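Structure first, commentary second.
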Amino acid sequence: MRMMVVVTALLPRTTGFSAAAVRTTARKHARRCVTARAERVGKPKAMYRPTSPSYPLTEMDEPRALSGLPDRSRPFTVLGIETSCDDTAAAIVRSDGTIVAEAIMPQHEVHAKFGGVVPSLAKEAHQEAIEAVVAQVLQRAGLESARELDAISATVGPGLEICLRVGARKAAQLASDFELPFVGCHHLEGHCLVARLAEPCRFPFLSLCVSGGHSMIVKCEGVGRYQVLGGTLDDALGEAYDKAARMLGLDMKGGGGPELERVAREGNPTSVPLPVPMKKRKDCDFSYAGLKTALKLQIEKKRHDAGLVDEEEPLPDQDVADLAASFQHVAITHLEDRLAYAFDRVRADDAFQSDQGRPQLALVGGVASNAEVRRRVSLLCDRAGWDLVVPPPKLCTDNGVMIAWAAIEKLHLGFSDAIDDEVYPRWPFRPPASVAAPALP
Ligand code: KG4
Ligand code: ZN
(Lines give C-alpha, C1' and ligand atoms only; values in the text may rest on other atoms or scores of the structure.)
(Ligands and ions follow the chains in the order given, each with its own letter.)
Protein backbone atom coordinates (compact mmCIF):
# COMPACT_ATOMS: atom_id res chain seq x y z
CA MET A 1 0.00 0.00 0.00
CA ARG A 2 1.33 3.37 -0.96
CA MET A 3 1.33 5.81 1.93
CA MET A 4 0.15 9.27 1.03
CA VAL A 5 -0.52 12.30 3.15
CA VAL A 6 -3.95 13.74 2.42
CA VAL A 7 -4.03 17.48 2.72
CA THR A 8 -6.69 20.02 2.03
CA ALA A 9 -4.71 22.44 -0.09
CA LEU A 10 -7.16 25.20 0.80
CA LEU A 11 -6.16 24.97 4.43
CA PRO A 12 -3.71 27.73 5.30
CA ARG A 13 -1.32 25.93 7.62
CA THR A 14 -0.48 29.02 9.63
CA THR A 15 -4.01 30.25 10.45
CA GLY A 16 -6.19 29.14 13.30
CA PHE A 17 -9.13 28.23 11.02
CA SER A 18 -10.35 24.66 11.07
CA ALA A 19 -10.24 22.65 7.84
CA ALA A 20 -14.05 22.45 7.88
CA ALA A 21 -14.41 26.23 8.15
CA VAL A 22 -12.03 26.77 5.27
CA ARG A 23 -13.84 24.20 3.14
CA THR A 24 -17.22 25.79 3.84
CA THR A 25 -15.91 29.23 2.84
CA ALA A 26 -14.35 27.76 -0.28
CA ARG A 27 -17.62 26.03 -1.20
CA LYS A 28 -19.61 29.23 -0.73
CA HIS A 29 -17.13 30.97 -2.97
CA ALA A 30 -17.34 28.14 -5.52
CA ARG A 31 -21.16 28.36 -5.51
CA ARG A 32 -20.96 32.08 -6.22
CA CYS A 33 -18.49 31.43 -9.05
CA VAL A 34 -20.70 28.76 -10.61
CA THR A 35 -23.77 31.00 -10.48
CA ALA A 36 -21.88 34.03 -11.74
CA ARG A 37 -20.45 32.03 -14.64
CA ALA A 38 -23.80 30.58 -15.55
CA GLU A 39 -25.21 34.08 -15.79
CA ARG A 40 -22.31 35.55 -17.71
CA VAL A 41 -23.01 36.05 -21.35
CA GLY A 42 -20.23 35.10 -23.78
CA LYS A 43 -17.62 33.26 -21.82
CA PRO A 44 -13.95 33.93 -22.51
CA LYS A 45 -12.29 31.60 -25.02
CA ALA A 46 -11.81 28.18 -23.52
CA MET A 47 -8.63 27.55 -21.62
CA TYR A 48 -5.94 25.29 -22.89
CA ARG A 49 -4.78 23.06 -20.08
CA PRO A 50 -1.06 22.85 -20.67
CA THR A 51 -0.15 19.53 -19.09
CA SER A 52 -1.60 16.12 -18.49
CA PRO A 53 -4.07 15.64 -15.62
CA SER A 54 -3.18 17.46 -12.45
CA TYR A 55 -2.30 14.56 -10.20
CA PRO A 56 0.84 12.62 -9.57
CA LEU A 57 3.47 12.39 -12.20
CA THR A 58 5.78 10.85 -9.65
CA GLU A 59 4.89 8.79 -6.61
CA MET A 60 6.41 11.53 -4.50
CA ASP A 61 3.88 14.17 -5.50
CA GLU A 62 1.53 15.17 -2.72
CA PRO A 63 -2.17 14.62 -3.37
CA ARG A 64 -4.37 17.70 -3.24
CA ALA A 65 -7.98 17.39 -2.20
CA LEU A 66 -9.22 20.83 -3.23
CA SER A 67 -12.89 20.16 -2.52
CA GLY A 68 -12.49 17.53 0.18
CA LEU A 69 -12.72 13.74 0.07
CA PRO A 70 -15.41 11.18 0.83
CA ASP A 71 -15.03 8.83 3.79
CA ARG A 72 -12.74 6.27 2.17
CA SER A 73 -12.86 3.80 5.05
CA ARG A 74 -16.07 2.39 3.51
CA PRO A 75 -17.33 2.06 -0.09
CA PHE A 76 -18.39 5.46 -1.43
CA THR A 77 -20.60 6.35 -4.41
CA VAL A 78 -19.78 8.79 -7.18
CA LEU A 79 -21.93 10.34 -9.89
CA GLY A 80 -20.17 10.67 -13.27
CA ILE A 81 -21.50 12.97 -16.01
CA GLU A 82 -20.28 12.82 -19.64
CA THR A 83 -21.29 15.38 -22.29
CA SER A 84 -18.07 15.90 -24.28
CA CYS A 85 -19.54 15.00 -27.68
CA ASP A 86 -22.88 13.50 -28.74
CA ASP A 87 -24.00 11.39 -25.79
CA THR A 88 -25.58 12.77 -22.64
CA ALA A 89 -24.59 10.13 -20.10
CA ALA A 90 -24.58 9.73 -16.34
CA ALA A 91 -23.83 6.87 -13.98
CA ILE A 92 -23.50 6.16 -10.31
CA VAL A 93 -20.62 3.86 -9.43
CA ARG A 94 -19.49 2.56 -6.03
CA SER A 95 -15.80 2.64 -5.14
CA ASP A 96 -15.73 -1.18 -4.93
CA GLY A 97 -16.48 -1.27 -8.67
CA THR A 98 -20.24 -1.84 -8.51
CA ILE A 99 -22.16 -0.01 -11.23
CA VAL A 100 -25.19 1.15 -9.29
CA ALA A 101 -27.10 2.84 -12.11
CA GLU A 102 -26.62 4.17 -15.64
CA ALA A 103 -28.54 6.45 -18.01
CA ILE A 104 -27.72 7.65 -21.49
CA MET A 105 -29.35 9.74 -24.20
CA PRO A 106 -27.48 9.32 -27.51
CA GLN A 107 -27.84 11.91 -30.29
CA HIS A 108 -27.13 9.91 -33.49
CA GLU A 109 -30.53 10.78 -34.91
CA VAL A 110 -29.99 14.50 -34.31
CA HIS A 111 -26.83 14.52 -36.42
CA ALA A 112 -27.60 11.72 -38.92
CA LYS A 113 -28.52 13.99 -41.83
CA PHE A 114 -25.48 16.25 -41.42
CA GLY A 115 -21.86 15.43 -42.26
CA GLY A 116 -20.95 14.80 -38.61
CA VAL A 117 -21.70 16.09 -35.12
CA VAL A 118 -23.09 19.66 -35.26
CA PRO A 119 -21.83 21.35 -32.05
CA SER A 120 -24.76 23.76 -31.62
CA LEU A 121 -27.31 20.97 -32.05
CA ALA A 122 -25.32 18.74 -29.73
CA LYS A 123 -25.29 21.44 -27.06
CA GLU A 124 -29.04 21.96 -27.37
CA ALA A 125 -29.65 18.23 -27.10
CA HIS A 126 -27.42 18.03 -24.00
CA GLN A 127 -29.27 20.94 -22.42
CA GLU A 128 -32.61 19.30 -23.09
CA ALA A 129 -31.45 15.93 -21.75
CA ILE A 130 -29.15 16.68 -18.82
CA GLU A 131 -31.76 17.15 -16.08
CA ALA A 132 -33.72 14.07 -17.13
CA VAL A 133 -30.61 11.89 -17.46
CA VAL A 134 -29.35 12.87 -14.00
CA ALA A 135 -32.82 12.44 -12.48
CA GLN A 136 -33.12 9.03 -14.13
CA VAL A 137 -29.81 7.76 -12.83
CA LEU A 138 -30.63 8.91 -9.28
CA GLN A 139 -34.02 7.24 -9.49
CA ARG A 140 -32.53 4.00 -10.85
CA ALA A 141 -30.07 4.03 -7.96
CA GLY A 142 -32.97 4.44 -5.53
CA LEU A 143 -31.70 7.81 -4.31
CA GLU A 144 -33.98 10.72 -3.47
CA SER A 145 -31.40 13.33 -4.32
CA ALA A 146 -27.73 13.85 -5.10
CA ARG A 147 -27.30 14.70 -1.41
CA GLU A 148 -27.02 10.95 -0.77
CA LEU A 149 -23.93 10.66 -3.01
CA ASP A 150 -20.35 10.94 -1.79
CA ALA A 151 -18.77 12.80 -4.72
CA ILE A 152 -19.59 14.27 -8.12
CA SER A 153 -17.56 14.15 -11.33
CA ALA A 154 -17.84 15.29 -14.92
CA THR A 155 -15.77 15.24 -18.09
CA VAL A 156 -14.11 18.66 -18.33
CA GLY A 157 -12.03 18.01 -21.45
CA PRO A 158 -11.12 17.42 -24.17
CA GLY A 159 -14.20 17.72 -26.35
CA LEU A 160 -16.66 20.23 -27.77
CA GLU A 161 -16.49 23.27 -25.54
CA ILE A 162 -20.17 24.16 -25.52
CA CYS A 163 -21.08 20.53 -24.86
CA LEU A 164 -18.55 20.02 -22.08
CA ARG A 165 -19.98 23.09 -20.36
CA VAL A 166 -23.43 21.51 -19.99
CA GLY A 167 -22.13 18.54 -18.00
CA ALA A 168 -19.47 20.44 -16.09
CA ARG A 169 -21.97 23.08 -15.00
CA LYS A 170 -24.50 20.52 -13.81
CA ALA A 171 -21.83 18.61 -11.88
CA ALA A 172 -20.38 21.76 -10.31
CA GLN A 173 -23.85 22.87 -9.29
CA LEU A 174 -24.62 19.57 -7.58
CA ALA A 175 -21.24 19.49 -5.83
CA SER A 176 -21.75 23.03 -4.68
CA ASP A 177 -25.41 22.62 -3.57
CA PHE A 178 -24.70 19.48 -1.56
CA GLU A 179 -21.17 20.34 -0.50
CA LEU A 180 -19.66 17.26 -2.09
CA PRO A 181 -16.12 16.67 -3.40
CA PHE A 182 -15.81 17.37 -7.12
CA VAL A 183 -13.51 15.74 -9.68
CA GLY A 184 -13.07 17.09 -13.22
CA CYS A 185 -12.06 14.21 -15.49
CA HIS A 186 -10.12 13.85 -18.70
CA HIS A 187 -12.25 12.04 -21.27
CA LEU A 188 -9.46 9.77 -22.54
CA GLU A 189 -8.38 8.97 -19.02
CA GLY A 190 -11.95 7.79 -18.42
CA HIS A 191 -11.73 5.50 -21.47
CA CYS A 192 -8.36 4.08 -20.35
CA LEU A 193 -9.09 3.59 -16.65
CA VAL A 194 -12.48 1.92 -17.13
CA ALA A 195 -10.48 -1.15 -18.23
CA ARG A 196 -9.56 -1.51 -14.54
CA LEU A 197 -13.21 -1.55 -13.53
CA ALA A 198 -14.13 -4.25 -16.02
CA GLU A 199 -11.35 -6.72 -15.23
CA PRO A 200 -8.21 -6.95 -13.10
CA CYS A 201 -5.79 -4.71 -14.93
CA ARG A 202 -2.66 -3.62 -13.12
CA PHE A 203 -0.29 -0.76 -13.81
CA PRO A 204 1.64 -0.51 -16.02
CA PHE A 205 -0.44 -1.54 -19.00
CA LEU A 206 -0.72 -0.42 -22.60
CA SER A 207 -3.96 1.07 -23.79
CA LEU A 208 -5.15 1.18 -27.39
CA CYS A 209 -7.77 3.92 -27.33
CA VAL A 210 -9.79 4.13 -30.55
CA SER A 211 -12.68 6.58 -30.58
CA GLY A 212 -14.33 9.20 -32.78
CA GLY A 213 -11.63 11.77 -32.04
CA HIS A 214 -8.55 9.68 -31.24
CA SER A 215 -6.51 6.65 -32.16
CA MET A 216 -3.69 6.34 -29.69
CA ILE A 217 -1.47 3.93 -27.86
CA VAL A 218 -0.79 4.99 -24.31
CA LYS A 219 1.52 3.58 -21.70
CA CYS A 220 -0.52 3.79 -18.49
CA GLU A 221 1.94 3.77 -15.60
CA GLY A 222 -0.42 4.88 -12.88
CA VAL A 223 -3.38 7.16 -12.30
CA GLY A 224 -2.40 10.47 -13.92
CA ARG A 225 0.83 9.03 -15.32
CA TYR A 226 0.48 8.40 -19.03
CA GLN A 227 2.93 8.31 -21.94
CA VAL A 228 1.46 8.59 -25.40
CA LEU A 229 3.48 6.24 -27.64
CA GLY A 230 1.63 7.22 -30.78
CA GLY A 231 -1.47 9.05 -31.93
CA THR A 232 -3.71 10.27 -34.70
CA LEU A 233 -1.98 12.10 -37.58
CA ASP A 234 -5.21 12.87 -39.44
CA ASP A 235 -8.60 11.10 -39.17
CA ALA A 236 -9.19 9.05 -36.03
CA LEU A 237 -10.38 5.47 -36.53
CA GLY A 238 -13.98 6.14 -35.41
CA GLU A 239 -14.11 9.19 -37.65
CA ALA A 240 -12.85 7.08 -40.58
CA TYR A 241 -15.58 4.48 -39.90
CA ASP A 242 -18.20 7.26 -39.84
CA LYS A 243 -16.95 8.83 -43.08
CA ALA A 244 -16.71 5.45 -44.81
CA ALA A 245 -20.26 4.62 -43.74
CA ARG A 246 -21.50 7.93 -45.15
CA MET A 247 -19.66 7.41 -48.46
CA LEU A 248 -21.24 3.96 -48.71
CA GLY A 249 -24.68 5.50 -48.19
CA LEU A 250 -25.35 3.55 -44.98
CA ASP A 251 -28.05 4.45 -42.48
CA MET A 252 -26.36 6.73 -39.92
CA LYS A 253 -29.21 6.85 -37.40
CA GLY A 254 -27.64 4.27 -35.10
CA GLY A 255 -24.10 5.59 -35.74
CA GLY A 256 -21.89 5.05 -38.82
CA GLY A 257 -19.39 2.71 -37.15
CA PRO A 258 -21.90 0.14 -35.84
CA GLU A 259 -23.76 0.13 -39.18
CA LEU A 260 -20.56 -0.40 -41.19
CA GLU A 261 -19.65 -3.28 -38.87
CA ARG A 262 -23.09 -4.85 -39.45
CA VAL A 263 -22.93 -4.51 -43.24
CA ALA A 264 -19.32 -5.77 -43.40
CA ARG A 265 -20.41 -9.15 -41.98
CA GLU A 266 -21.96 -9.97 -45.36
CA GLY A 267 -18.91 -8.94 -47.38
CA ASN A 268 -15.61 -10.42 -48.52
CA PRO A 269 -12.82 -8.59 -46.64
CA THR A 270 -10.18 -9.24 -49.31
CA SER A 271 -12.28 -8.52 -52.39
CA VAL A 272 -11.43 -4.82 -52.81
CA PRO A 273 -7.75 -3.79 -52.96
CA LEU A 274 -7.05 -1.01 -50.44
CA PRO A 275 -3.61 0.09 -49.21
CA VAL A 276 -2.58 -0.52 -45.60
CA PRO A 277 -1.54 2.92 -44.25
CA MET A 278 2.06 3.80 -43.35
CA LYS A 279 3.54 0.39 -44.09
CA LYS A 280 7.05 1.86 -44.19
CA ARG A 281 6.77 3.92 -41.02
CA LYS A 282 8.02 2.04 -37.99
CA ASP A 283 6.27 3.87 -35.18
CA CYS A 284 3.01 3.90 -33.26
CA ASP A 285 1.20 6.75 -35.06
CA PHE A 286 -2.02 6.28 -37.01
CA SER A 287 -3.26 7.65 -40.31
CA TYR A 288 -6.64 6.86 -41.84
CA ALA A 289 -7.12 9.73 -44.31
CA GLY A 290 -5.38 7.86 -47.16
CA LEU A 291 -7.52 4.75 -46.62
CA LYS A 292 -10.65 6.90 -46.74
CA THR A 293 -9.57 8.42 -50.08
CA ALA A 294 -8.70 4.98 -51.48
CA LEU A 295 -12.15 3.74 -50.47
CA LYS A 296 -13.76 6.72 -52.22
CA LEU A 297 -11.91 5.82 -55.45
CA GLN A 298 -12.99 2.18 -55.19
CA ILE A 299 -16.61 3.23 -54.67
CA GLU A 300 -16.40 5.41 -57.80
CA LYS A 301 -14.84 2.53 -59.74
CA LYS A 302 -17.59 0.12 -58.71
CA ARG A 303 -20.24 2.66 -59.67
CA HIS A 304 -18.58 3.19 -63.01
CA ASP A 305 -18.27 -0.58 -63.63
CA ALA A 306 -21.94 -1.02 -62.72
CA GLY A 307 -22.90 1.76 -65.14
CA LEU A 308 -24.43 3.93 -62.37
CA VAL A 309 -24.59 7.59 -63.37
CA ASP A 310 -27.44 8.89 -61.25
CA GLU A 311 -26.04 9.82 -57.80
CA GLU A 312 -29.27 8.68 -56.15
CA GLU A 313 -28.93 5.19 -57.58
CA PRO A 314 -27.32 2.94 -54.93
CA LEU A 315 -24.65 0.31 -55.47
CA PRO A 316 -25.83 -3.31 -55.23
CA ASP A 317 -25.89 -4.54 -51.59
CA GLN A 318 -23.12 -7.09 -52.18
CA ASP A 319 -20.77 -4.40 -53.51
CA VAL A 320 -21.48 -2.23 -50.48
CA ALA A 321 -20.83 -5.17 -48.15
CA ASP A 322 -17.55 -6.04 -49.94
CA LEU A 323 -16.36 -2.43 -49.76
CA ALA A 324 -17.29 -2.19 -46.07
CA ALA A 325 -15.60 -5.50 -45.22
CA SER A 326 -12.44 -4.57 -47.14
CA PHE A 327 -12.27 -1.15 -45.48
CA GLN A 328 -12.65 -2.71 -42.05
CA HIS A 329 -10.08 -5.41 -42.80
CA VAL A 330 -7.39 -2.88 -43.79
CA ALA A 331 -8.29 -0.46 -41.00
CA ILE A 332 -7.71 -3.24 -38.45
CA THR A 333 -4.47 -4.37 -40.16
CA HIS A 334 -3.17 -0.84 -39.56
CA LEU A 335 -4.10 -1.19 -35.86
CA GLU A 336 -2.25 -4.51 -35.70
CA ASP A 337 0.88 -3.01 -37.27
CA ARG A 338 0.98 -0.12 -34.82
CA LEU A 339 0.36 -2.41 -31.86
CA ALA A 340 3.24 -4.67 -32.93
CA TYR A 341 5.56 -1.64 -32.78
CA ALA A 342 4.19 -0.68 -29.38
CA PHE A 343 4.79 -4.20 -28.03
CA ASP A 344 8.38 -4.00 -29.33
CA ARG A 345 8.83 -0.64 -27.74
CA VAL A 346 8.03 -1.84 -24.22
CA ARG A 347 9.74 -5.22 -24.62
CA ALA A 348 12.82 -4.03 -22.73
CA ASP A 349 10.73 -2.34 -20.03
CA ASP A 350 11.08 -4.41 -16.86
CA ALA A 351 7.80 -3.14 -15.47
CA PHE A 352 5.95 -4.95 -18.28
CA GLN A 353 7.84 -8.19 -17.70
CA SER A 354 6.86 -8.72 -14.08
CA ASP A 355 6.33 -12.14 -12.55
CA GLN A 356 2.68 -11.24 -11.97
CA GLY A 357 1.73 -12.55 -15.39
CA ARG A 358 1.81 -11.56 -19.03
CA PRO A 359 1.85 -7.89 -20.00
CA GLN A 360 -1.61 -6.40 -20.51
CA LEU A 361 -3.21 -4.42 -23.31
CA ALA A 362 -6.50 -2.59 -22.71
CA LEU A 363 -8.63 -2.04 -25.81
CA VAL A 364 -10.89 0.95 -25.16
CA GLY A 365 -12.89 3.75 -26.84
CA GLY A 366 -16.00 3.59 -29.04
CA VAL A 367 -14.44 1.46 -31.80
CA ALA A 368 -13.42 -1.14 -29.20
CA SER A 369 -17.10 -2.15 -29.13
CA ASN A 370 -16.61 -3.57 -32.66
CA ALA A 371 -16.58 -7.39 -32.55
CA GLU A 372 -14.14 -7.78 -35.46
CA VAL A 373 -11.70 -5.29 -33.92
CA ARG A 374 -11.92 -7.20 -30.63
CA ARG A 375 -11.40 -10.55 -32.37
CA ARG A 376 -8.36 -9.48 -34.39
CA VAL A 377 -6.66 -7.60 -31.53
CA SER A 378 -7.26 -10.61 -29.31
CA LEU A 379 -5.55 -12.92 -31.85
CA LEU A 380 -2.61 -10.54 -32.12
CA CYS A 381 -2.24 -10.49 -28.32
CA ASP A 382 -2.31 -14.30 -28.18
CA ARG A 383 0.44 -14.50 -30.76
CA ALA A 384 2.55 -11.87 -28.98
CA GLY A 385 2.09 -13.29 -25.47
CA TRP A 386 0.00 -10.41 -24.17
CA ASP A 387 -3.25 -10.51 -22.19
CA LEU A 388 -6.11 -8.46 -23.59
CA VAL A 389 -8.53 -6.56 -21.36
CA VAL A 390 -11.63 -5.22 -23.12
CA PRO A 391 -14.53 -3.60 -21.28
CA PRO A 392 -18.04 -4.68 -22.32
CA PRO A 393 -19.17 -2.76 -25.44
CA LYS A 394 -21.37 -0.29 -23.56
CA LEU A 395 -18.36 0.77 -21.46
CA CYS A 396 -16.28 1.30 -24.64
CA THR A 397 -18.56 3.91 -26.21
CA ASP A 398 -18.98 7.13 -24.24
CA ASN A 399 -20.69 6.59 -20.91
CA GLY A 400 -20.95 8.01 -17.41
CA VAL A 401 -19.43 4.95 -15.71
CA MET A 402 -15.94 5.64 -17.03
CA ILE A 403 -16.04 9.18 -15.67
CA ALA A 404 -17.31 8.12 -12.24
CA TRP A 405 -14.65 5.39 -12.17
CA ALA A 406 -11.80 7.74 -13.16
CA ALA A 407 -12.95 10.01 -10.33
CA ILE A 408 -12.99 7.06 -7.91
CA GLU A 409 -9.41 6.18 -8.85
CA LYS A 410 -8.34 9.77 -8.13
CA LEU A 411 -10.34 10.06 -4.91
CA HIS A 412 -8.78 6.80 -3.70
CA LEU A 413 -5.38 8.48 -4.06
CA GLY A 414 -6.51 11.58 -2.20
CA PHE A 415 -7.21 13.95 -5.09
CA SER A 416 -10.15 16.20 -5.81
CA ASP A 417 -10.54 19.44 -7.75
CA ALA A 418 -11.87 22.83 -6.77
CA ILE A 419 -15.59 23.08 -7.51
CA ASP A 420 -15.53 24.82 -10.84
CA ASP A 421 -17.38 24.55 -14.15
CA GLU A 422 -14.38 25.51 -16.28
CA VAL A 423 -13.73 23.21 -19.24
CA TYR A 424 -10.63 22.38 -21.29
CA PRO A 425 -11.58 21.50 -24.90
CA ARG A 426 -7.99 21.05 -26.02
CA TRP A 427 -6.54 19.35 -22.98
CA PRO A 428 -3.63 17.22 -24.27
CA PHE A 429 -3.17 13.76 -22.87
CA ARG A 430 0.56 14.13 -22.70
CA PRO A 431 3.10 14.49 -19.93
CA PRO A 432 5.34 17.54 -19.72
CA ALA A 433 8.19 17.42 -22.25
CA SER A 434 10.72 16.42 -19.56
CA VAL A 435 9.10 13.00 -19.13
CA ALA A 436 7.95 12.47 -22.73
CA ALA A 437 8.81 9.19 -24.42
CA PRO A 438 12.00 9.28 -26.48
CA ALA A 439 11.52 9.39 -30.24
CA LEU A 440 12.12 6.17 -32.11
CA PRO A 441 15.28 6.05 -34.24
O1 KG4 B 1 -15.56 6.85 -27.62
P2 KG4 B 1 -16.74 7.24 -28.45
O3 KG4 B 1 -18.08 6.76 -28.02
O4 KG4 B 1 -16.81 8.80 -28.57
C5 KG4 B 1 -15.66 9.58 -28.73
O6 KG4 B 1 -14.94 9.77 -27.74
O7 KG4 B 1 -15.42 9.95 -29.90
O8 KG4 B 1 -16.43 6.75 -29.93
C9 KG4 B 1 -17.36 7.03 -30.94
C10 KG4 B 1 -16.81 6.50 -32.23
C11 KG4 B 1 -17.69 6.88 -33.41
O12 KG4 B 1 -16.88 7.34 -34.45
C13 KG4 B 1 -18.38 5.59 -33.74
O14 KG4 B 1 -18.72 5.45 -35.08
C15 KG4 B 1 -17.34 4.57 -33.35
O16 KG4 B 1 -16.77 5.07 -32.17
N17 KG4 B 1 -17.97 3.28 -33.12
C18 KG4 B 1 -17.71 2.18 -33.86
C19 KG4 B 1 -18.54 1.16 -33.36
N20 KG4 B 1 -19.27 1.66 -32.31
C21 KG4 B 1 -18.89 2.97 -32.19
N22 KG4 B 1 -16.89 1.99 -34.90
C23 KG4 B 1 -16.86 0.78 -35.45
N24 KG4 B 1 -17.63 -0.25 -35.04
C25 KG4 B 1 -18.49 -0.11 -34.00
N26 KG4 B 1 -19.25 -1.12 -33.60
ZN1 ZN C 1 -15.01 8.83 -26.08
Quick one: how many Å² of residue 424 are accessible to a 1.4 Å probe, rounded to 10?
20
So for the stretch 205-390, taking the charge dipole from beta-carbon charges (+1 Lys/Arg, -1 Asp/Glu), which of 230, 287, 250 sits furthest toward the positive end?
230
Ranked by accessible surface with a 1.4 Å probe, highest first, in what order do 72, 347, 225 come?
347, 72, 225
What size of dipole, in debye to the nearest 20, comes out for the stretch 267-370 about its Cα centre when the only charges are +1 on Lys and Arg C-beta atoms and -1 on Asp and Glu C-beta atoms?
520
Local net charge near residue 128, Cβ-Cβ under 14 Å (Lys/Arg +1, Asp/Glu -1):
-3
Restricting things to alpha carbons, tell me how big the stretch 288-332 is in terms of Rg and Dmax, in Å.
10.9, 32
Using a 1.4 angstrom probe on the protein heavy atoms only, line up 85, 163 by accessible area, largest first.
85, 163
Residues of type lysines that residue 219 reaches as a straight line, Cα spacing below 30 Å, ignoring anything fewer than 8 places off in the same chain:
243, 279, 280, 282, 292, 394, 410
At a probe size of 1.4 Å, how large is the accessible area of residue 354, to the nearest 10 Å²?
40
Do you know the relative contact order of the stretch 205-390, to the nearest whole percent, from alpha carbon pairs under 8 angstrom that are 6+ apart?
27
Under the rule of at least 5 residues apart or a separate chain, name every residue whose amide H is placed under 5 Å from the amide H of residue 417.
66, 67, 182, 183, 184
Apply 1/(1 + (r/R0)^6) to the Cβ-Cβ distance of residue 139 and residue 178, taking R0 = 25 Å, and write down the FRET efficiency to the nearest 0.05.
0.90
Where the centre of each part is set by its Cα atoms, how far does the stretch 352-416 sit from the stretch 217-255, in angstrom?
15
Residue by residue through the stretch 294-311, which ³J(HN,Hα) values in whole Hz follow from phi under the Karplus form 6.51 cos²θ - 1.76 cosθ + 1.60 (θ = phi - 60°), with glycine and proline marked x?
4, 5, 4, 5, 5, 5, 4, 5, 4, 5, 4, 4, 8, x, 8, 10, 6, 4
Distant-in-sequence amide H partners of residue 362 (H built 1.01 Å from N, under 5 Å)
206, 207, 208, 389
Full-stretch length increase - residue 304, residue 270 - with 0.36 nm per residue and alpha-carbon distance subtracted
10.2 nm
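The values are calculated or read from the model by the stated rules, or taken from the named source; none is laboratory data. Here the structure is a predicted model, which means the values were calculated and not measured. Quick reminder, even Gly has a Cβ in these numbers, built from the backbone with ideal geometry, and neighbours come from all protein chains shown. Surface areas here come from the heavy atoms of the whole protein model, side chains and all, with no ligands, DNA or RNA. Shrake-Rupley method; radii C 1.70, N 1.55, O 1.52, S 1.80 Å.
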